[in-house]
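Enquirer: This is the structure I have questions about; it appears just below.
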Amino acid sequence: MTAAEWNLIIGGDICRVTPQGTLEHPGLPVIWGVAVCVAVTIVTAWGLYIPSGSNSITANRKSGFTVSAIPFFGGFLGSLWIKPWVLLSFKTATSVLFLMVIWTGLAGTPLPSRNLATVLTWNLWWSGIIISVLFVGSAWCAVCPWDSLGNLMVRLRVWRRSLPHFSLNFRVPKNFRNVWPALVLLVGLTWLELGVGITSSPYATSMLALGILLLAIIFLGVFERKAFCRHACPVGRTIGFYAQLAPVELRAKDMEICTSCTTLECYHGNANVDPCPTHLVMGRLKQNTFCTSCGNCARSCPHENVSWRLRSPGKETLEGARPHWDEAWFMLVLLTLTGFHGITMLEFWENRIRQLARYLGDSGQLIWSFSIGMGVAIAIPVALYLCVVALTRWSTGSSFSFRMIFTRLSFAALPLAFTYHLAHNLSHLLRESVGSGSVFVNPLGVDALPLSVNERHLQMLEMTVTPFALAAIQAVMLVLGFIFSVLVVRRRGMQLVPEGSRTLMTLSPMFGFAILMTAFHLWLLMQPMNMRM
Amino acid sequence: MMRFYLAALLTLIYLIFSTVNLSAHHVLGRPSYVLNEDSNTPSAMQVETQIGDYFVNYMVFPAFPRPNEAGRVNLYISRLDGGLAFDGKVEFSVRNDSWATWLGFSADEKKLGAQVLDDHVYRQGLMFRQRGSYIITANFRDDKAPYTIEFPLQVGAPSPYGPIGIAAGVVFLILAGIGLIQRRRSLSGQIRNSHTGNEKNQE
């Protein structure tokens, strides 16, 4: 076998020409599919038959270490977020880029591949933001331009403590103190992205950016602290939930100091530093979900007891995060929406939507047909999960309520969603970001022509990494997601099983769910995918 | 139980690998921009969609028509089953695509012309005097039913100031509203304080 043939087997084609003459990314090569299947089989056997040592929840405070403990540059890294000017520099940079996105989208060329608004928003930011969670958790929220610009306009501050009398400071109504608003907006955002197709329209991209900015401003003006970030932001909540799996956290160095603290500057802020925007108290903080990484706690703590820590990525989903009904639904719908992104890129989806459109008499963008299809695509995995929870309750003979089992086991959906999302976005980012530097030279796309076939071909050939590396990373991601999911089922599931009948086999339905979702994600990754623009 | 799991896993693996040959999607109803490198024709905007039993392909030359510039719409209508071109008459008309039109105002439609099939294409010439967003409507009728297809067309660059102006207006209204409410709050606070002060003095 020649080296080229071997590369083709392990890496696949770089690009393919469809019968219609368009170019597409090839899917994951079969050999990697087989490898994932073998790994899933081994992990399943381990998950079902090898009992774990201990099932008790232990809030192991000693696990992980502070970033400042890293040799050589740890001190610099640890103090980075605590210095206000660092954060301000990042906020300024993201705000300038955001304003450029709005301007170029509204005033620039409608060609999505030549306009900064679409390339920066969808090719770079939207793909890259999920990957950033893997390294820096919810750090994006700290430099988010929606919040920075909103704060500047409503509270007249980007630096030091905001002036509270510029906001009405109402408390969020009790019925909305949850993540349902964010969930509704996330579904809406997906509908706009995949149904209406705002990703291919610079003008619509700008309008969306402006719309979310207005929402952020309204929330900042009406409600106390940052209610939009905590309850409504679809991007922030997605990042927040995924950040449960991040290897970094902003936490207290010494819990004893927090226990004896009576002033709670982390929660209330001080004369110069804003309070925690999402109402978190450092001494009780056990999950990243609502932490916006703003560093207010680190800057306001008089004991300098708050620091970035490196930790085991699965710690929160396994034990630290507390189950809540609304959050469980968010995680579950996140899983369905990530898969739905993949489904819409397949020919069978289009055929079904066309058939439905014919039946309904739908035309144009087939929005009605798409909306119905999207509803069904979300409902199927949700229904499957509901059945699995009911089956698990029956098989374990658990005395816990259906709702309790639903919420506790929903953490198993999170690693599956996150790793598939990473694998999917990685493909977009590495393949489609090539050559995107040109939009920074001509952000409005003045006199630009549509991408030629040659340019598209070159873009596909000049991948940032080799196809082999991309395929390997995608396969590893899927396996890691499955491993974490199995660990969650074992750890959280065993707490639901009555003492007398504690066998892992009783959790079989949940194992089956994790296998099915991983198999579905693998299948999706193995399909060829069209370029976004 | 292990045998059941093995069988289920094998079935899954079979399903995963047996359907690998699907090809990627093409999104209907969204504009795409085409650069024709094989001829001298300018770049075109293309929209594909379907209506009833027909597949419709609509192309605008040039891709970004400007005011007072001659343009053309090419419309291909073919049956979904078999691909046979629709042979009849297609009437083209145009109206403004604005908020006012959406709300039912100034919705007057102007006829562009009626075209017959010519070499599998319905060609309609265009020239707009004014910059703006328009909706082109193509009407045709077969033996069973009438069909109406609508396509958006942007002539000249859209104004960026409209959305920015609206956003700025909304922000101004929000901030003004907050300011007013805060002012009332502050006044009521002062009145309450003065009442409390008077009561204390009387005591």
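Enquirer: Computed over the Cα atoms of the stretch A:228-295, what is the ratio Rg over Rh, Rh following Kirkwood?
Expert: 0.98
Enquirer: Provide, as a two-decimal number, the C-alpha radius of gyration of the stretch B:118-170 over 2.2 N^0.38 Å, N being how many residues it has.
Expert: 1.72
Enquirer: Also: Name the lysines eligible as straight-distance cross-link partners of A:LYS226: C-alpha to C-alpha under 28 Å, and not fewer than 8 places from it in the same chain.
Expert: A:LYS226 reaches A:LYS83, A:LYS91, A:LYS174, A:LYS253, A:LYS286, A:LYS315.
Enquirer: Let me ask another. Write down the Å³ per residue value for the convex hull defined by the alpha carbon atoms of the stretch A:446-493.
Expert: Output value, Cα hull per residue: 133 Å³.
Enquirer: Other chains' Cβ within 10 Å of A:354-367 residues: what's the mean?
Expert: For peptide A:354-367, the averaged partner shielding equals 5.
Enquirer: Quick check on packing: order B:153-165, A:365-377, A:69-81, A:215-227 by the mean number of other C-beta atoms within 10 Å, highest mean leading.
Expert: Highest to lowest by the protection proxy: A:215-227, A:365-377, B:153-165, A:69-81.
Enquirer: Another question, then. Calculate the mean, over all residues of peptide A:340-350, of how many other protein chain Cβ atoms lie within 10 angstrom of the residue's Cβ.
Expert: Rounded to a whole number, the mean comes out at 3.
Enquirer: Here is a further query. If a helix is a whole DSSP H run, which ones in chain A reach 24 Å or further along their own axis (Cα) and hold a mean Kyte-Doolittle hydropathy of at least -1.0?
Expert: Within chain A the helices that satisfy the rule are A:30-49, A:84-107, A:202-222, A:325-343, A:367-396, A:413-432, A:467-494, A:508-525.
Enquirer: To the nearest Å, what is the center-to-center distance of the stretch A:394-430 and the stretch A:118-177, using C-alpha atoms only?
Expert: 26 Å
Enquirer: Multiply the residue gap between B:MET127 and B:ASP108 by 0.36 nm, knock off their C-alpha separation, and tell me the result in nm, one decimal place.
Expert: Taking 0.36 nm per residue and subtracting the Cα distance, the gain is 5.1 nm.
Enquirer: Need one number: convex hull volume per residue for the stretch A:81-316, Cα atoms only, in Å³.
Expert: Dividing the Cα hull volume of the stretch A:81-316 by its residues yields 120 Å³.
Enquirer: Report the normalised scattering of the stretch A:63-161 as log10 I(q)/I(0) at q = 0.10, 0.12, 0.15 Å⁻¹, calculated by the Debye formula with identical scatterers on the alpha carbons.
Expert: Here the Debye-derived log intensity ratios amount to -0.38, -0.53, -0.76.
Enquirer: Pick out, from A:THR317, A:LEU346, A:VAL479, the residue whose Cα sits farthest towards the positive end of the charge dipole of chain A, with +1 on the Cβ of Lys and Arg and -1 on the Cβ of Asp and Glu.
Expert: A:THR317
Enquirer: How large is the charge dipole for chain A, taken about the Cα centre, if only the Cβ atoms of Lys, Arg (+1) and Asp, Glu (-1) carry charge, to the nearest 20 debye?
Expert: The dipole magnitude comes to about 1560 debye.
Enquirer: If you don't mind, there's one more thing I want to ask. Roughly how many nanometres apart are two label points built 7 Å out from the Cα toward the Cβ at A:SER132 and B:THR196?
Expert: Label at A:SER132, label at B:THR196, 4.5 nm between them.
Enquirer: Sticking with this structure for a sec: Calculate the spin-label point distance for A:VAL184 paired with A:ASN169, positioning each point 7 Å from the Cα along the beta-carbon direction, and give it in nanometres.
Expert: Placing both labels 7 Å beyond Cα along the Cβ direction yields 2.8 nm.
Enquirer: Given +1 on the Cβ of Lys and Arg, -1 on the Cβ of Asp and Glu, and no further charges, what dipole in debye does the stretch A:73-177 carry about its Cα centre, rounded to the nearest 20?
Expert: Its charge dipole is roughly 460 debye.
Enquirer: Using only alpha carbon positions, build the gyration tensor of chain A, then give the equivalent ellipsoid semi-axes as the square roots of 5 times its eigenvalues, largest first, whole angstrom.
Expert: Value: 35, 32, 23 Å, ordered largest first.
Enquirer: Turning to a different aspect of this structure: What is the spread of the Cα atoms of the stretch A:375-441 along each of their three principal axes, largest first, in whole Å?
Expert: 63, 23, 16
Read-outs: derived from the displayed coordinates by stated rules, not from any lab. It should be emphasised that the depicted structure is a prediction, and the values quoted were computed from it without experimental measurement. In this analysis, Cβ positions are derived from the backbone assuming ideal geometry, glycine residues included, and neighbour counts consider all displayed protein chains.
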